[in-house]
Amino acid sequence: MRVFEELCPSPPSWRVPWPEIVEAFAWVRALAGVPQDAAHHGEGDVAVHTRMACEALADLPEWRERPADERVRLFAAVLMHDIAKPWCTRVEDEGRITAHGHARRGDLMARRILWELGAPVRWREHVAALVRHHQVPFWGLERPDLEPTAFRVSLVARNDDLVLLARADILGRVCGDAAELLENVDLYAEYCAEQDCLTGPRRFPSDHARFWYFRTPGRDPEYAAHDDTRLTVTVMSGLPGVGKDHWIAEHRPGVPVVSLDDIRRELGVAPTGDQGAVVAAAYERARGYLREGRSFVWNATNLTRRMREQCTGVVAGYRGRVELVALEAPPEVVARRNRSRPSPVPEAAVERMVRRWEMPDPTEGHRVDWLSTA
């Protein structure tokens, strides 16, 4: 990512070029003037905190020792970690300031911004995952879902990156509990090292074992689950215009397809209309194939984890193998292809989809592929 490479601190000065950063990114400028809870942020507004966090990262010996490409990726994550606070910050009763949900929304915003900048998909998803989980090391040991959360981070990013981001976040503050938070971050790093998921992905006995671990609270990650799958369902994911139909025709010829677009046409329902009957018909067809033990393709946008879970949960219940295929293309390609469709999806509807877009990750299926159709 050239723009981040140019702005990332580098030897010998390791200077953070903040004026140039502010000029380059509108979303950085939006941080100025956004208030913070003084109990944890006595340094000023979100822009001041973000600058201080970037400077703290640049001072960390562990970051300076990383390869240049890893330094740039981590710098982007620190720069974006509070990106959603202008939209999530609220002044509560008695003047208390909160920013509930800013990590999750930050993930969505980071994905969109980096997609529009042309970032490679794995680089982008690594940064987005760090933004989403950047608060986990602060209180991670108190979380009932610590183990699967740490494992998920290891599968889409790296926990040692998350630890460095958390340290920079804390060192870029003026707060009374900084020492406690830093100790918590160190404990989180130790936990991840003990769980063999600090510097790389957590390994599982098989894809099937991994799939069922993340579907079964309290499951032993070392349990080598017997693979009793009896069919395979390819669950598509992608914005309108990425080329899902073309990919299916080329890579799954002759395989039955449950297509929401086809069902809409059959029922005469517009993409912007009530989708209840469309979804019901899709699930009825899917269950028919599942009862027969017949593999098929589930063709829909499936842009959020919740939407995909509705599909994968049904498939899992019928002992199906889940293969997620996430397709994408640059924004201008998606827009051009959508306009050329016989029934284009309205731009406003596509915009709403982009704002909710979550990429599938290895916790959701037996296999997950991120593919470009550009």
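The values are calculated or read from the model by the stated rules, or taken from the named source; none is laboratory data. Being a predicted model, the structure only gives us computed values, none of them experimental. Virtual Cβ from ideal backbone geometry, glycine too; neighbours counted across all protein chains shown. Just so you know, the surface numbers come from the protein's heavy atoms only, side chains and all, with ligands and any DNA or RNA stripped out. Shrake-Rupley method; radii C 1.70, N 1.55, O 1.52, S 1.80 Å.
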>> Given the criteria open to solvent by 30 Å² or more (accessible area, probe 1.4 Å), over 29 Å from Pro12 (Cα atoms) and in contact (Cβ under 8 Å) with a residue 60 or more places away in the chain, does Gly101 qualify?
In response: no
> Looking at Val334, Val345, which one is open to solvent by less than 20 Å² (accessible area, probe 1.4 Å), part of a helix (DSSP H, G or I) and either at pLDDT below 95 or within 20 Å of Ala110 (Cα to Cα) (or both)?
Replying inline: Val334
> Would a scan of the range 9-26 turn up a residue that is open to solvent by less than 50 Å² (accessible area, probe 1.4 Å), touching a His at 6+ places or on another chain (Cβ under 8 Å) and modelled with pLDDT of 95 or more?
Replying inline: no
> Would you pick out the residues in the range 60-88 that are under 28 Å from Gly33 (Cα atoms) and over 21 Å from the mean Cα position of the chain (by Cα)?
Replying inline: Leu60
> Out of the range 348-374, which residues are touching a Ser or Thr at 6+ places or on another chain (Cβ under 7 Å) and open to solvent by less than 20 Å² (accessible area, probe 1.4 Å)?
Replying inline: Ala349, Glu358, Pro360, Glu364, Gly365
> How about the range 129-158: which of its residues are of a type in the set (Ser, Thr, Tyr) and in contact (Cβ under 8 Å) with a residue 40 or more places away in the chain?
Replying inline: Ser154
> So which residues in the range 270-325 are more than 25 Å from Arg341 (Cβ to Cβ), among the aromatic types (Phe, Trp, Tyr) and part of a helix (DSSP H, G or I)?
Replying inline: Tyr289
> Taking the range 104-120 as the search range and keeping residues that are under 11 Å from the mean Cα position of the chain (by Cα) and of a type in the set (A, V, I, L, M), which one is surrounded by the most Cβ atoms within 10 Å (Cβ to Cβ)?
Replying inline: Ala110
> Residues of the range 215-240 being in a loop (DSSP other than H, G, I, E, B), hydrophobic (A, V, I, L, M, F, W, C) and surrounded by fewer than 20 Cβ atoms within 10 Å (Cβ to Cβ), which ones?
Replying inline: Ala224, Ala225
